[in-house]
Amino acid sequence: MEITLLAPAKINLTLEIKGRRPDGYHEVAMVMQSLELADTITCRLRSDGKIFLEGNHPEVAWNETNLAWRAAWLLQEVSGVKLGAEILVEKRIPVAAGLAGGSTDAAGVLRALNQLWNLNWSREKLAELGARLGSDVPFCLYGGTALATGRGEQIQPLPALPQHSLLLLKPPYGVSTAEIYGLYARMGRSQQGQTERMLAAVRTGNWQEVARHLANDLEQITLALAPDLKELKEAACRAGCPGVLMSGSGPTLFALINDEAQDQELAQRWQEAGQVIRTKTGLPLPLPGEEQM
Ligand code: ATP
């Protein structure tokens, strides 16, 4: 028996840093949005309790350090199930890009094994376990549009926005999320109130309103390290793109696309700077137990 599902990437419509917590993490408020861009996860049942992982991206370690493997192991440990799985990850989401690639693979494995192992855990229970793997894992169990608070692991689903086209630019380098937060702690400044304003915009269901309120406190830090990207963002804004922002700690930029002409023009400019991906915003994920077999 096996199950195959899509594990979607995410972007941040906001990333607001509220302060530092006693546990060393930053307290954040973020409006998150899933994308159609996704990795494919296949889990095949094993009766001997062993967990195997394979994946197609040469720069990722497909061993016990991989978040997908750790997700399977943790679920097996905590649930006490005696079954195992062969896990296959087909990556399309760029790595170390600010798109939650590793986190969504972990969430995808939790969703798939919850069903394959007949655990029938609720989404809330899976999210609590997922938070032990990484702050972005709980959101990746929900998809759609959601508010994330705490260190990012507390999820409140929001009314789904209508689907919208996007262009992504992933430059040929990655950044370390920990390093960007470290630099922010030394020199960053927060645009307080951005998430409240975005929540009001999301409630209108209007992407023009959303575009006006895109904001990310980490963007200033990552763009200072990547002046080429800063220039590309400014050029896109000058050319009339209403919504261009860095996702997460970057370095991926996304642009909300309104028409074909804008798409063509921006894709042409961005192609010289890295990998350009056309995608759309995604819808909420199915509830646990309703994954396709
Ligand atoms: P986030 O947006 O959550 O900060 P990211 O998109 O910036 O994450 P990832 O693609 O998750 O970054 O990769 C970050 C690191 O995690 C990389 O060094 C990568 O090798 C490691 N990693 C572990 N498991 C995976 C996985 N399944 N897919 C991709 N990267 C993984």
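3J(HN,Hα) couplings calculated from phi for segment 150-160 with the Karplus curve 6.51 cos²θ - 1.76 cosθ + 1.60 (θ = phi - 60°) are, in sequence order, x, 8, x, 9, 8, 10, 10, x, 10, x, 5 Hz; Gly and Pro show x.
Each of ALA71, GLN192, ILE180 was scored by the projection of its Cα onto the charge dipole of the chain, and the greatest displacement toward the positive side belongs to GLN192; charges sit on the C-beta of Lys, Arg, Asp and Glu.
Work through the residues other than TRP69 whose Cβ is under 15 Å from its Cβ and net out their charges, Lys, Arg +1 and Asp, Glu -1.
Working: positive: ARG44, ARG46, LYS50, ARG70, LYS91, ARG132; negative: ASP39, GLU54, GLU64, GLU77, GLU86, ASP105.
Charge balance in the 15 Å sphere: 0.
Over all orientations, segment 37-126 has a Cα convex hull whose mean projected area works out to 5.6 square nanometres. Taking Cα centre as origin and charging only the Cβ of basic (Lys, Arg, +1) and acidic (Asp, Glu, -1) residues, the dipole magnitude of the chain rounds to 500 debye. Within the chain, the longest run free of exposed loop sites, counting GluC sites (Glu not before Pro) that sit outside DSSP helix and strand states (H, G, I, E, B) and have at most 14 other Cβ atoms within 10 Å, spans 65-271.
At q = 0.07 Å⁻¹, what log₁₀ I(q)/I(0) does a Debye calculation on the Cα points of the chain give, no solvent, two decimals? With no solvent term, the Cα-only Debye profile gives -0.25. Here, segment 88-237 is characterised by an Rg to Rh ratio of 0.97, where Rg is the alpha-carbon radius of gyration and Rh the Kirkwood radius.
All other residues whose Cβ lies under 14 angstrom from that of THR177 are scored, Lys and Arg at +1 and Asp and Glu at -1, for a net of -2. Taking amide H as placed 1.01 Å from N in the peptide plane, the amide H of ASN56 sits under 5 Å from that of VAL89, LYS91, each at least 5 places away or on another chain. Taking only the C-alpha atoms of segment 154-277, the Rg (one decimal) and the largest Cα-Cα distance, Dmax (whole number), read 14.9, 42 Å. Relative to the current alpha-carbon distance between GLN156 and ASN120, full extension at 0.36 nm per residue lengthens the span by 10.8 nm.
Other residues whose C-beta falls under 12 angstrom from the C-beta of LEU218 contribute a net charge of -3, scoring Lys and Arg +1 and Asp and Glu -1.
Are there trypsin sites (Lys or Arg not before Pro) in segment 167-259 that DSSP marks as loop and that have at most 13 other Cβ atoms within 10 Å, and which are they? Intermediate values should be presented prior to the final figure.
Numbers: sites: ARG186, ARG189, ARG197, ARG203, ARG212, LYS230, LYS233, ARG238; in loops: ARG189.
Here the sparse-neighbourhood loop sites are ARG189.
Restricting the trypsin sites (Lys or Arg not before Pro) of segment 90-148 to loop positions (DSSP other than H, G, I, E, B) with no more than 14 neighbouring Cβ atoms within 10 Å leaves ARG132. Once you reduce segment 115-171 and segment 218-276 to the center of their Cα atoms, the two points are 25 Å from each other. Near the amide H of GLN275, within less than 5 Å, lie the amide hydrogens of LYS170, all on another chain or at least 5 residues away, with H placed in the peptide plane.
Once the Kirkwood radius over Cα pairs is known for segment 9-79, the Stokes-Einstein relation at 4 °C and 1.567 mPa s delivers a diffusion coefficient of 83 µm²/s. Where both bridge residues fall in the chain, DSSP classifies roughly 85% of the beta bridges as antiparallel. Annotation: for a label point projected 7 angstrom from Cα along Cα→Cβ of LEU45, residues of segment 274-293 with backbone N closer than 19 Å are 288-293. Once the Cα atoms are used to define both axes, helix 67-79 deviates from the longest principal axis of the chain by about 50 degrees.
Every number here is computed from the coordinates shown, using simple stated rules; none is lab data. Note that this is a predicted model, so its numbers are computed, not measured. Glycine also receives a Cβ, built like all others from the backbone with ideal geometry; neighbour counts cover every protein chain displayed.
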